[in-house]
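Right, one structure below, let's go through it.
Bear in mind that the values in this text are calculations on the coordinates, not laboratory data. Quick caveat: nothing in here was measured; it's all calculated off a predicted structure. Cβ: placed from backbone, ideal geometry, glycine included. Neighbour counts: every protein chain shown.
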Ligand code: C5P
């Protein structure tokens, strides 16, 4: 599975750095192209000459080559990579990565990279157990990085405990598994709409709804983990994707969301319409703030917004799939199926507001999925992350 993959191996200054020659050899044996990036300290533990001989590429360590002034672009490196493996990852580099301290080529490359990142910590047991290390590793995990947990055993200090870098063979195994069956949507382009839309009344007011975007972003993350190239067209939300490869295009109104969706849909394999799009928008935008009137009531005229799902349904080609969501309060199955057919969807996910723990702003959801052949799959109450994984699996 690693054949042709571009892998950056980032080495930091830990004793386990000497094992990276083996890691690089194993990756190359499996057909990967490897670029080594080292922190200046790492060179104290393994020489760049060994690594450049193994990879056939000069090792990158500094921002510039001193004698020629040649600049090493961390941005280009980050874009080149299909995966980044930081091994061994010292407490210092882990802290820098978790907090964005980009004072060397390796952390700068990490911050620029869109590819999945694998981190194999290696340090003494007390450093490993220190609350700051634990917090930094948790932070890195929350950003969507993959932590290759260190093993227990005898450490360089001769103490015994957790902190030994995972063996190169096992690091390769983790990468192999990642690039194999776990990525059934590899090569697919997925569009997800998420969050609410805001429809402006005047410069300070809008019509909106309680959608937080959590479900849409969970779907985007799950699709990215399944290997898809994912773009989220997002209304105003305070959530962000955990998977760094997910691209977000921020919009405000239903019309803006419709425009972006119609632009991107022809190049999309699967579109998932998860946004809570306002059905109506003020017919007229007041250029200045509407004053409080002496009247007790005010009437706002509303005009219908475009139905994005239905529009994409009418544009849909044979090789494309379209998924919608439905939030119903009565005749749930019947209404969801009606929507599935009228919008030309391939699948509809029914959320029930009647179920505690489902719907807006919660971290859990309970959904029923209907496919175009009317088959029905009821998923139990579970986290939005797990709900998203299940929905994505149904699309794979
Ligand atoms: O018709 P209803 O709004 O209940 O349909 C819900 C589905 O349609 C959701 O997938 C939602 O994202 C999508 N939708 C849309 N554009 C609208 C209204 C709903 O894409 N204007």
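Using the Cα gyration tensor of the stretch 334-396, with a ≥ b ≥ c the square roots of its eigenvalues, what is the shape: rounded (a/c below 1.5), prolate (a/b larger than b/c) or oblate (neither)?
Numbers: a/c = 2.27, a/b = 1.45, b/c = 1.57.
Oblate, because a/c is 1.5 or more while a/b does not exceed b/c.
Using a basic spin-label model with each label point 7 Å from the Cα along Cα→Cβ, how many nm lie between residue 382 and residue 249?
For the pair residue 382/residue 249, the computed spacing is 3.1 nm.
Determine the calculated [θ] at 222 nm for the chain from helices alone, applying -39500 (n - 2.57) to every DSSP H run no shorter than 4 residues and normalising by the residue count; nearest 500 deg cm²/dmol. List each step's numbers first, then the result.
On the way: 13 runs with 125 residues, N = 396.
Only helices count here, giving -9000 deg cm²/dmol.
Between residue 269 and residue 375, what is 0.36 nm times their sequence separation minus the Cα-Cα distance? Round to one decimal in nm. It would help to have the intermediate numbers written out before the result.
Details: separation 106, 0.36 × 106 = 38.16 nm, distance 2.19 nm.
Extra length available between residue 269 and residue 375 comes to 36.0 nm.
Can you figure out the FRET efficiency of residue 65 with residue 152, using R₀ = 41 Å and their beta-carbon distance, to the nearest 0.05? Before the final figure, lay out the partial values.
Numbers: r = 41 Å, r/R0 = 1.00.
My answer for the efficiency is 0.50.
Full-extension gain between residue 99 and residue 80, please, as 0.36 nm times their residue separation minus the C-alpha to C-alpha distance. If you can, show how the numbers build up before the last one.
Numbers: separation 19, 0.36 × 19 = 6.84 nm, distance 2.35 nm.
Separation in residues times 0.36 nm, less the Cα-Cα distance, equals 4.5 nm.
Based on the alpha-carbon gyration tensor of the stretch 119-220 and its eigenvalue square roots a ≥ b ≥ c, which shape applies: rounded if a/c is under 1.5, prolate if not and a/b is larger than b/c, or oblate?
Details: a/c = 5.83, a/b = 1.99, b/c = 2.93.
Oblate shape, in that a/c is at least 1.5 and b/c is the bigger or equal ratio.
Give me 6, 74 ranked fewest to most by other Cβ atoms within 10 Å of their Cβ, as a rough exposure proxy. Working shown, then result.
On the way: 6 16, 74 22.
The order, fewest Cβ neighbours first, is 6, 74.
What residue among 348, 377, 94 shows peak mean-square fluctuation when the chain is described by a Gaussian network model with Cα springs under 10 Å?
In the Gaussian network model the winner is 377.
Nearest 10 degrees, 0 to 90: what angle lies between the long axis of helix 332-342 and the longest principal axis of the chain (Cα atoms)?
With rounding to tens, the tilt is 90 degrees.
Can you give me the distance in nm between label points at residue 262 and residue 169, each placed 7 Å from the Cα along the Cα-to-Cβ direction?
Placing both labels 7 Å beyond Cα along the Cβ direction yields 5.9 nm.
Between the stretch 100-158 and the stretch 258-291, how far is it from one alpha carbon centroid to the other, in angstrom?
Using only Cα atoms to place each centre, the spacing works out to 41 Å.
How far is it, in nm, from the label point at residue 6 to the one at residue 47 when both lie 7 Å from their Cα along the line to the Cβ?
3.0 nm
Write down the percent of antiparallel bridges among all DSSP beta bridges whose residues are both part of the chain, to the nearest 5. Kindly include the intermediate steps, with their values, before the conclusion.
Numbers: 21 of 63 bridges.
Counting only bridges with both partners in the chain, antiparallel ones make up about 35 percent.
Using 0.36 nm per residue of separation minus the Cα-Cα distance, give me the extension gain between residue 142 and residue 294 in nm, one decimal.
On the way: separation 152, 0.36 × 152 = 54.72 nm, distance 5.14 nm.
Full-extension gain reported as 49.6 nm.
Do you know the relative contact order of the stretch 278-396, to the nearest whole percent, from alpha carbon pairs under 8 angstrom that are 6+ apart?
Values: 167 pairs, mean separation 18.8, N = 119.
That works out to 16 percent.
How high is the relative contact order of the stretch 138-262, in percent, with contacts defined as C-alpha pairs under 8 Å that are six or more residues apart? All intermediate terms of the calculation are to be shown ahead of the outcome.
Details: 209 pairs, mean separation 28.7, N = 125.
After rounding, I find 23 percent.
Under the definition of Cα pairs under 8 Å and six or more residues apart, what whole-number percent is the relative contact order of the chain? Display every interim value, and only then the final one.
On the way: 867 pairs, mean separation 43.4, N = 396.
Averaging sequence separation for qualifying contacts and normalising by length gives 11 percent for the chain.
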